[in-house]
Amino acid sequence: MTALPSLIDMMTQLIASPSISCSQAHWDQSNKGVIELLESWLSSQGFQCEVMPLPDQPNKFNLIATKGQGSGGLVLSGHTDTVPYDEGRWQSDPFTLQERNQKLYGLGSCDMKGFFAIVLDTIRDMPLDELNEPLIILATADEESSMSGARALVQQNKLNARYALIGEPTSLTPIYAHKGIMMERIQVTGQAGHSSNPALGNNALDAMHDVMSELMTFRQELKRDYQDANFIIDYPTMNFGCIHGGDNPNRICGRCELEFDLRALPGMSNQSLMAEIAQRLPRIEEKTGTQIQLNSLFPDVPSFYTPVESAIIKACESLTERPAETVAFATEGPFLNKMGMETLVLGPGSIDQAHQPNEFMALDQIQPMQKVIRGLIERFCLQSNESN
Ligand SMILES: [Zn+2]
């Protein structure tokens, strides 16, 4: 087998290969370079690599690299894309890994190209020819923008394993749950006209006032009816993020748009919440004589929950000596769970540094993460089935 580059070398190469994903087309890039690096390194370690273009985006790829066989096994998963970067706010080139003050700086260092380098560096010394259950390295596309990589995997139903770890930056804390996210737009269409006579039009802002009152009532009901003490904000939230409407004080507003998000607790269904909101709008249409449309700005991310009794959560709690917690950001966890894996999120580096200028991974995160990866592979892939 060919020797793998050093950990720092691998991280340098991954970060030097730009793979920004963004809903704004001028930022959006292919992740091909990162996928090719991972494929070549994993192939050199005897993994079977399958590179799969996304159904509707031929320049974006998922990679499934498998070694070993069996019905159980472990997936180590990460996303290959990064967010865009703030030009001028970085002290060094975002695509050049730089070590300063015991930290590795670069775009994707903690979120989350560094994770792949750490995984590869860990497995090079492990007896992977003795696997009793498969070890699968999963690298996805477009987590930061649409999660279309993970969504495609669910559709293709290609992945088969018992347990999964997603190495998002959690400062090495095991994470078993997060809320879902929906981003929605409500559009009210009335009729513009001269403001001197209200009968000359139909005011969309007036109708939006009713829409917002209704949404605020719904928000109160959600807060009253749903709580989960495992979250710091222990109820579902709805935030009005922006509103646009009208053009002039002396003109009846003909059209108004409101955008809001909704973060549901585990156990709640995004689809039911959408249906609840949709069902409240016709009454306002009727009362105000406007047309009201509800649309999603992005495909929703379901909430994520893996029971804390799951063997992988127990194993990670013991390897990190930390109890599992919840987080306030979304991951690909719900999609992996949907494919039948018991999934947890645990990775090196802090979410505080993710999506920020001068993103870094502290060097002291590397060895503890290697210990977790080694421990999980030993437990779920190298030992016999019965001991799982
Ligand atoms: Zn991430």
For the range 65-119 and the range 148-199, compute the distance between their C-alpha centroids and round to whole Å.
23 Å
For the range 103-114, 3J(HN,Hα) per residue [Karplus equation, 6.51 cos²θ - 1.76 cosθ + 1.60, θ = phi - 60°, Hz, x = Gly/Pro]
9, 9, 9, x, 6, x, 4, 9, 10, 8, 5, x
What's the percent breakdown of Cα-Cα distances in the range 252-388 across 10 Å bins, shortest bin first?
9, 27, 27, 18, 11, 6, 2, 0
Cβ density ranking, 10 Å radius, fewest first, applied to H79, H355 yields H355, H79
Taking Cα atoms of the range 205-301, Rg/Rh with Kirkwood Rh, to two decimals?
1.01
If you take every residue apart from A264 with its C-beta less than 14 Å away from the C-beta of A264, what net charge results, scoring Lys and Arg +1 and Asp and Glu -1?
-4
Towards the positive end of the charge dipole of the range 289-360, with charges on Cβ (+1 Lys, Arg; -1 Asp, Glu), say which of V308, I292, L336 has the farthest Cα.
I292
Alpha-carbon Debye profile of the chain, log10 I(q)/I(0) at 0.07, 0.12 Å⁻¹
-0.37, -0.93
Out-of-range pairs (alpha-carbon distance over 30 Å; input K60/K338; K103/K158; K103/K223; K113/K314; K67/K338):
K103/K158; K103/K223
Placing +1 at every Lys and Arg Cβ and -1 at every Asp and Glu Cβ, with all other atoms neutral, what dipole size does the chain have around its Cα centre, in debye to the nearest 20?
320 debye
From a point 7 Å beyond the Cα of Q48 in the direction of its Cβ, which residues of the range 149-170 have a backbone N at a distance under 15 Å?
158-161
When the Cα centres of the range 253-324 and the range 328-351 are compared, how far apart do they sit, in Å?
17 Å
Residues E359, E342 arranged by fewest to most Cβ contacts within 10 Å:
E342, E359
Would you calculate, for the chain, the mean residue ellipticity at 222 nm contributed by helices, counting each DSSP H stretch of 4 or more residues as -39,500 (n - 2.57) and dividing by all residues, to the nearest 500?
-9000 deg cm²/dmol
From fewest to most C-beta neighbours within 10 Å, the residues I312, I232, I277 line up as I232, I277, I312
How large is the Kirkwood hydrodynamic radius of the range 51-158, counting all unique pairs of alpha carbons, in Å?
15.8 Å
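Every read-out reported here was derived from the displayed coordinates using simple, explicitly stated rules and does not represent laboratory data. This is a predicted model, so every value here is computed, not measured. We place every Cβ from the backbone using ideal geometry, glycine too, and count neighbours over all the protein chains shown.
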